[in-house]
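Right, one structure below, let's go through it.
Read-outs throughout are calculated quantities, based only on the coordinates presented, and are distinct from any laboratory measurement. Computed from a prediction, not measured in an experiment: that's the story for all the values here. Reconstructed Cβ throughout: ideal geometry from the backbone, glycine too, with neighbour counts over all protein chains shown.
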Amino acid sequence: MKKTKQFSTLSIAAAFIGTIVGAGFATGQEVLQFFSFYGMKGFIGIVVSAILFSYFGILIMFISKERHADSHLELVRFTFGKRLGVVMDWFITISFLGVLVVMAAGSGAVAEEQLGLPPFIGSIAVILLSFLTVSTGVKNVIRVIGLVVPFLLCAVIGVALFSLMTDPLTASKIALLESIEAPSQTSWPFSAILYVSYNIILAVAILSPLGVEANSRKNLLLGGILGGLGLGIGILAIDLAVISGVPEILPFQVPMVYLASKFSPLFALVFGLILILEIYTTAVSILYGFAARMAYGNRQRILWAGLASLAAVIAAQYGFSKIISTVYPLMGFFGFVFLGGLLWTHLKDHLSGVFHIQKK
């Protein structure tokens, strides 16, 4: 029998959070597009998103544990059946590649706006480091993510507090955001669910193998709850910071770095470096998910990881904000199908008494 590792509640939560808080989340660009543009209603959307993150994160880890799903392949086959499962499998796999492009573009944007370097340099640095990490296996991937997440959340909350103290929220700022048409969504409930739907697809890359590796259902449950709560707190902090910086932040691809620069150039530099590390953790998890699905052995995994890395660096030159507004909403629509399948599987198995949450 395969030996499993006792991951702590905190390490599970950190891996969950770290997969999602990458290029779009921590830069402020995602939160701006999916929540801030809805003003007061965006706050309700954040609460809804946090709850859904916890629920579906736990569900993925539990089903993966039941099915011994080392990658998302077995998960989607169990959830959707063989025929539809093939479609969802390839969509998720291709989505991993698309998000890797977003990570490469995000690191390029930070390198350009904060460090004054060509975007190409930032993209190459993060993707190359991700490739080297993925080559060492999933346990090192989870370990790296867990180390970086606390620094990122502390930095995000610090920027938010400073922004609110120096430039408080006002009704006029919220009204200004509400008057601007959101680039990708039509209503705040749809936006909140769409945000969860595509991010959960990203999280599958690390949640499936994590569910298999961990040997405690209690830790998976608590880790999922804590992960959703941490994501909700992080999104709220960024949302408050972004709103406080309106209208100055609107032209920037990386609003949070601009807000950090108002505190001091040194803090902005530190935040930029932490942000690049967080982009790196998401790139690592996504690249691992893609390579694990495509490969049938360690050598093939390294080969596929290398090919995906090269493609991501080249495609990233299209531009960060353009890629987010194009790739993520498209993923979100298909993500609705994925969430629906997970929900139906849970309800069906719960009613039949086959699948139930319990301590093992």
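Here the simple spin-label model places points 7 Å from the Cα toward Cβ, and for residue 90 and residue 337 these points are separated by 1.1 nm.
Could you give log10 I(q)/I(0) at q = 0.08, 0.14 Å⁻¹ for segment 9-347, computed by the Debye formula over C-alpha point scatterers of equal weight, without solvent? For the requested q values the scattering log ratios are -0.33, -1.05.
Taking Cα centre as origin and charging only the Cβ of basic (Lys, Arg, +1) and acidic (Asp, Glu, -1) residues, the dipole magnitude of segment 168-283 rounds to 280 debye. Projecting the Cα positions of 258, 271, 88 onto the charge dipole of segment 9-347 (unit charges on Cβ atoms of Lys, Arg, Asp and Glu, taken about the Cα centre) puts 88 furthest along the positive direction. Here the Gaussian network model covers the chain, with springs between Cα atoms less than 10 Å apart; of 223, 98, 158, 158 fluctuates the most.
In segment 194-299, Cα pairs under 8 Å separated by at least six residues give a relative contact order of 30 percent. For the peptides 266-272, 60-66, 30-36, 188-194, the ranking by packing is 30-36, 60-66, 188-194, 266-272, with the highest mean count of neighbouring Cβ atoms within 10 Å listed first. Taking every lysine pair in the chain that is 8 or more places apart or spans two chains, those with Cα atoms closer than 19 Å amount to 23.
With a cut-off of 12 Å between beta carbons, the residues surrounding residue 268 carry a summed charge of 0, where Lys and Arg count +1 and Asp and Glu -1.
Using only side-chain charges placed at the Cβ, +1 for Lys and Arg and -1 for Asp and Glu, the dipole size of segment 9-347 relative to its Cα centre rounds to 940 debye. Shown for 256, 88, 40: other C-beta atoms within 10 Å of each C-beta, ranked fewest to most, produce the order 40, 88, 256.
Taking only DSSP H segments of four or more residues, each worth -39500 (n - 2.57), what value at 222 nm results for the chain once the sum is divided by all its residues, to the nearest 500 deg cm²/dmol?
-28000 deg cm²/dmol
As a rough guide to protection, the peptides 202-214, 169-181, 238-250 ranked by mean Cβ packing within 10 Å, highest first, stand as 202-214, 238-250, 169-181.
For 280, 55, which order do you get if you count the other beta carbons within 10 Å of each Cβ and list the fewest first?
Final ranking by Cβ density, sparse to dense: 55, 280.
Each of 304, 90 was scored by other Cβ atoms within 10 Å of its Cβ. Listed from fewest to most, they are 90, 304. If one takes the longest principal axis of the Cα atoms in the chain, at what angle in degrees, from 0 to 90 and to the nearest 10, does the Cα axis of helix 72-115 lie? Here the helix axis deviates by roughly 30 degrees.
To the nearest ten degrees, helix 265-294 and the longest principal axis of the Cα atoms of the chain are 20 degrees apart.
May I ask you to derive the relative contact order of the chain, considering only C-alpha pairs under 8 Å and at least 6 residues apart, and to give it as an integer percent?
Computed over the chain, the figure is 38 percent.
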